[in-house]
Number of protein chains: 2
Amino acid sequence: MARKPADQSVNREDILLAAAEVLQRKGFEATTMKDIAGAVKLTAASLYHHFRNKDALLLAVLEAGLDHIINQIEPIVHSALSSDEKLRQMICAHVVGVTHNTAVGATMVFEIRSLMDVKPLSETASEADQRAYHDFIARRNRFFAHRDAFEELFRFVIREGIANGCFRQTDVGIFTKTLLGAHNWVGVWYRPNGRLSGEEIAAMMADSFLRALRNEG
Amino acid sequence: MARKPADQSVNREDILLAAAEVLQRKGFEATTMKDIAGAVKLTAASLYHHFRNKDALLLAVLEAGLDHIINQIEPIVHSALSSDEKLRQMICAHVVGVTHNTAVGATMVFEIRSLMDVKPLSETASEADQRAYHDFIARRNRFFAHRDAFEELFRFVIREGIANGCFRQTDVGIFTKTLLGAHNWVGVWYRPNGRLSGEEIAAMMADSFLRALRNEG
DNA sequence: AAAATAATCTAATCGCCATTAGATTATCGA
DNA sequence: TCGATAATCTAATGGCGATTAGATTATTTT
């Protein structure tokens, strides 16, 4: 059967973490396979043992990051808390998540475009390449859908809060975009040794957005 | 003396606008000189008549975008309006600016990193290259300073509003980052034929942020 | 019209980078 | 210990893309 991986060999997850760091620093297009390989002390060729190609590697980084944050936020949505407390916790979880791994956070923000313009398959592609390509596209579309679902979690709670009178009447779509834009941007400017911790920043942001949303009185 | 440019020849500004559009669509690293040249019906080589190299072209795009938005916002800061009215107008001007030219807006957000890792000059560089390089670096640093000054306009008005009791006590730095993150993100999701106009979106966002900031009562 | 300069082109060059081919080495299960 | 498979390596390949060299064409000034 499958052999148990040796302790000193590099595994998929090591590569994903290192790749996120490099991708944040240089951006997808400017990052070479050699850069990523170097970050885990491999040669570029060795990466192809773990990932089909550069696009697949990027997608894997993004998937891992998205899964992680969704797993943190979904339970809050389905809890028995009040809508405003839900939203507060969701904002904190998201912002703290971004500050705890700015690499993945920033990659999620900046490198998604690179997924969009994957070059079409050449005419003369083998059967196997065709299949691999379609698998990739399907997987990518699943990722985008997953990403929309993430945003929908926020919309859901805001809608709920408006319905039960906790929040004022407002345009849910715009408010959600405003919220997520602010969150995403944290990954750009946050510095681990800065004046404030991720938790402090998260609390302040949650405070502001709840003031913006809560009903008067 | 300098010849007056012919009407049918492509000028600097045509190139900047076209370049911003291409850069938004593909990102700096993925954009080739040929792409940009094609957008104004030139060959790649011809671009070098107008710009020293690709980095200089990017910098010129960013400078133009930043100048434009600063020119819109600076007068508001120095007007006689109340702090909250100033902030409302600044938010609207910024967001509308972003929606009116998403190309420049998104480029400002996404491509600045490319300016940061400009490769250092090779050892064997000519006198002229040395000078050109240092000019470029100086110009880039001026751009970054200019960008900080833009952010400072918002901080200034918020501080002022807190001082005169118009706004609640809050962390000015964090609030400003929150605000600008939300604004910048608009360039990512806004679509000209979407449900709402840039002006409508701007008004809603300004409304939310002013609720977040205003003193109670 | 002649000289000067601006704008553009065609045709290299040169290097880098994703990807592949084909070993080689390490680890595990039997 | 043997065979299988995983993990890694070295050494191409093939193409693309920024940049340059050197014409060529267009426009303006005198």
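What follows draws every value from the coordinates through simple rules; no lab data is involved. In this text the structure is predicted, and so the values were computed from the model without any measurement. Here the Cβ positions follow ideal geometry from the backbone for every residue, glycine too, while neighbour counts run over all protein chains shown.
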Sorted shortest first, the nm distances from the residue A:165 label point (7 Å along Cα→Cβ) to its counterparts in the other copies are 3.3
Any idea what log10 I(q)/I(0) is at q = 0.21, 0.23, 0.24 Å⁻¹ for the range A:15-110, Debye with uniform C-alpha scatterers and no solvent?
-0.95, -1.08, -1.14
Volume per residue, Å³, of the convex hull around the alpha-carbon atoms of the range B:71-152?
109
Along Cα-to-Cβ, 7 Å out, sits the label point; list in nm, shortest first, how far the one on residue B:130 is from those in the other copies.
6.0
For the range A:128-135, in residue order, the Karplus 3J(HN,Hα) values (coefficients 6.51, -1.76, 1.60; θ = phi - 60°; whole Hz; Gly and Pro = x) are 4, 5, 3, 4, 4, 5, 5, 4
How big is the convex hull of the Cα atoms of the range A:135-217, per residue, in Å³?
118
Going residue by residue through the range A:199-212, the Karplus relation 6.51 cos²θ - 1.76 cosθ + 1.60 with θ = phi - 60° gives ³J(HN,Hα) values, rounded to whole Hz and with x marking Gly or Pro, of 5, 5, 4, 4, 5, 5, 5, 4, 4, 4, 5, 6, 4, 5
Karplus-derived 3J(HN,Hα) from phi for the range B:154-167 (6.51 cos²θ - 1.76 cosθ + 1.60, θ = phi - 60°), whole Hz, x at Gly and Pro, runs 5, 4, 4, 5, 5, 4, 4, x, 5, 4, 8, x, 6, 10
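Based only on Cα atoms, what Rg/Rh ratio does the protein assembly as shown have, Rh being taken as Kirkwood's radius? Show your work: numbers first, answer last.
Details: Rg = 23.5 Å, Rh = 23.8 Å.
Ratio value, two decimals: 0.99.
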Take peptide A:206-215, look around each residue's Cβ out to 10 angstrom, count Cβ atoms belonging to other protein chains, and average those counts.
5
5 Å is the cut-off here: which amide hydrogens, built 1.01 Å from N in the peptide plane, fall below it relative to residue A:214, excluding neighbours closer than 5 in sequence?
A:168
Taking a point 7 Å out from Cα toward Cβ as the label site, list the nm distances between residue B:52 and the same residue in every other copy, smallest first.
4.4
Which of A:26/B:54; A:34/B:119; A:119/B:54; A:26/B:86; A:86/B:177 have a Cα-Cα distance over 28 Å?
A:26/B:86
List B:207, B:135 from most exposed to least, where exposure is judged by having the fewest other Cβ atoms within 10 Å.
B:135, B:207
Residues of B:24-35, mean number of Cβ from any other protein chain within 10 Å of their own Cβ, rounded to a whole number?
3
Taking only the C-alpha atoms, wrap a convex hull around the range A:53-213 and report its volume per residue in Å³ as a whole number.
117
Give me the inter-chain shielding for A:186-192: mean count of other chain Cβ atoms within 10 Å, whole number please.
3
Can you bin every Cα-Cα distance in the range B:54-98 into 10 Å intervals starting at zero and give me the percent of pairs per bin, rounded to whole numbers?
27, 42, 21, 9, 1
Among the trypsin sites (Lys or Arg not before Pro) in the range B:126-217, which ones are in a DSSP loop with at most 11 other Cβ atoms within 10 Å of the Cβ? Mind listing them?
B:195
With contacts defined as alpha carbon pairs under 8 Å and 6 or more residues apart, what's the relative contact order of the range A:53-213 in percent?
39
Determine the distance separating the Cα centre of the range B:90-117 from the Cα centre of the range B:43-57; give it in Å without decimals.
22
If you place +1 on the Cβ of every Lys and Arg and -1 on the Cβ of every Asp and Glu, how big does the dipole about the Cα centre of the range B:1-126 come out, in debye to the nearest 20?
340
